[in-house]
Amino acid sequence: MDTIIPVGGNVKYRITLDSGVWIFDDRKVDLETYFLDASGKYNELEEYTKSISKHWDREIMEGSIQPPTLKSERKYEKQKILNGTFGIPFGPFLRNASPAEDAEKLLIVYENGETAIPLAKAEELILGFSKSGKPLLEDGPVHVYFGDGSNKEEPITKVKEFRVE
């Protein structure tokens with residue numbers, strides 16, 4: 001199955017999304033816990049701040065040398081990636097495509113039809129790309145979840161294209 005999904009239509013830049021490389025992206029979110037958050041909003045600055053704060057706290061508490069605990073933490077993170085269920089926010093990709101000012105909706109084209117949603121709601125979409133550490137080969141390459149988690153149990157699957165209109 002092809003993991004490349006085009007984003008086109010009424011955009012300044014036609015881009016392609018490759019779900020095969022998102023496992024290495026720092027913007028990925030754990031779908032097991034993402035929808036448990038009451039707000040449901042992904043804040044890049046907040047995530048970055050938390051990451052840097054955690055690193056800073058470790059430097060203060062343990063010093064700059066690398067104690068054996070860092071090796072076990074690295075191993076835990078690797079294990080988490082190999083067994084995790086992940087998604088990535090669609091908003092940054094949509095902004096990179098630069099929708100035209102007169103664009104109003106995003107059309108999600110999938111194997112059995114299409115779904116249109118307003119661009120404002122499209123900014124909040126989460127694209128699931130991994131389940132239990134494995135890529136979504138059978139009904140993928142991505143699962144589309146609404147930002148509020150309303151379709152968490154039945155995401156849009158078998159996505160072929162995103163088209164801005």
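Each value in this text was obtained by applying a stated rule to the coordinates, not by laboratory testing. Being a predicted model, the structure only gives us computed values, none of them experimental. Glycine also receives a Cβ, built like all others from the backbone with ideal geometry; neighbour counts cover every protein chain displayed.
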Answer rounded, prolate or oblate for segment 114-156, using the Cα gyration tensor with square roots of eigenvalues a ≥ b ≥ c: rounded when a/c is under 1.5, else prolate when a/b is larger than b/c, else oblate.
-> prolate
Provide the per-residue ³J(HN,Hα) series for segment 9-19, in order, calculated from phi with Karplus coefficients 6.51, -1.76, 1.60 and θ = phi - 60°, each as a whole number of Hz, with x at glycine and proline positions.
-> x, 7, 10, 6, 10, 7, 10, 10, 10, 10, 5
Taking square-rooted eigenvalues a ≥ b ≥ c of the alpha carbon gyration tensor, is the chain rounded, prolate or oblate, where a/c under 1.5 means rounded and, failing that, a/b exceeding b/c means prolate?
-> prolate
Picking from Lys54, Lys12, Lys80, which is most flexible by a Gaussian network model of the chain using Cα springs under 10 Å?
-> Lys54
In whole Hz, what ³J(HN,Hα) sequence does segment 127-136 give by Karplus (6.51, -1.76, 1.60; θ = phi - 60°), x for Gly and Pro?
-> 9, x, 10, 8, 10, 6, x, 10, x, 7
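In this model, which of Lys131/Lys158; Lys105/Lys152; Lys28/Lys131; Lys80/Lys160 are farther than 19 Å apart at the alpha-carbon?
Numbers: Lys131/Lys158 15 Å; Lys105/Lys152 21 Å; Lys28/Lys131 13 Å; Lys80/Lys160 28 Å.
The answer is Lys105/Lys152; Lys80/Lys160.
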Give the long-range amide H neighbours of Val11: residues separated by 5 or more places, or on another chain, with amide H under 5 Å away, using H modelled in the peptide plane at 1.01 Å from N.
-> Ala100
Could you calculate the contour length gain from Asp57 to Ser150, that is, 0.36 nm times the residue separation minus the distance between their Cα atoms, to one decimal place in nm?
-> 29.9 nm
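Among Arg74, Arg58, which comes first, then next, by fewest other beta-carbon atoms within 10 Å?
Placing the least packed residue first, the sequence is Arg74, Arg58.
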Please name whichever of Leu119, Phe93, Leu136 sits farthest to the positive end of the charge dipole of the chain, dipole taken about the Cα centre and charges placed at Cβ: Lys and Arg +1, Asp and Glu -1.
-> Leu136
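To make sure I understand, if each residue's beta carbon is the centre and we count other beta carbons within 10 Å, what order do Ile4, Ile15 fall in, fewest to most? Kindly include the intermediate steps, with their values, before the conclusion.
Details: Ile4 10, Ile15 15.
Fewest to most other Cβ atoms nearby, the residues stand as Ile4, Ile15.
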Tilt of helix 68-83 relative to the longest C-alpha principal axis of the chain, in degrees (0 to 90, nearest 10)?
-> 20
Connecting every pair of Cα atoms under 10 Å apart in the chain and solving the GNM, the largest mean-square fluctuation among Ser53, Ser130, Ser19 falls on Ser53
Using helices alone, what [θ] at 222 nm do you get for the chain, with -39,500 (n - 2.57) per DSSP H run of 4 or more residues, divided over all residues and rounded to the nearest 500?
-> -9000 deg cm²/dmol
Applying the Karplus parametrisation 6.51 cos²θ - 1.76 cosθ + 1.60 with θ = phi - 60° to the phi angles of segment 99-111, what ³J(HN,Hα) value in whole Hz is obtained for each residue in order, glycine and proline being reported as x?
-> x, 5, 5, 8, 6, 10, 9, 10, 9, 9, 9, 10, 3
With +1 on each Lys and Arg Cβ and -1 on each Asp and Glu Cβ, and nothing else charged, work out how big the dipole of the chain is about its Cα centre, in Debye to the nearest 20.
-> 520
For Gly84, which sequence-distant residues (separation of 5 or more, or a different chain) have an amide H within less than 5 Å of its own amide H, given hydrogens modelled in the peptide plane?
-> Gly133
For the residues Tyr110, Tyr13, Tyr34, what sequence is obtained by ranking on other C-beta atoms within 10 Å, fewest first?
-> Tyr13, Tyr110, Tyr34
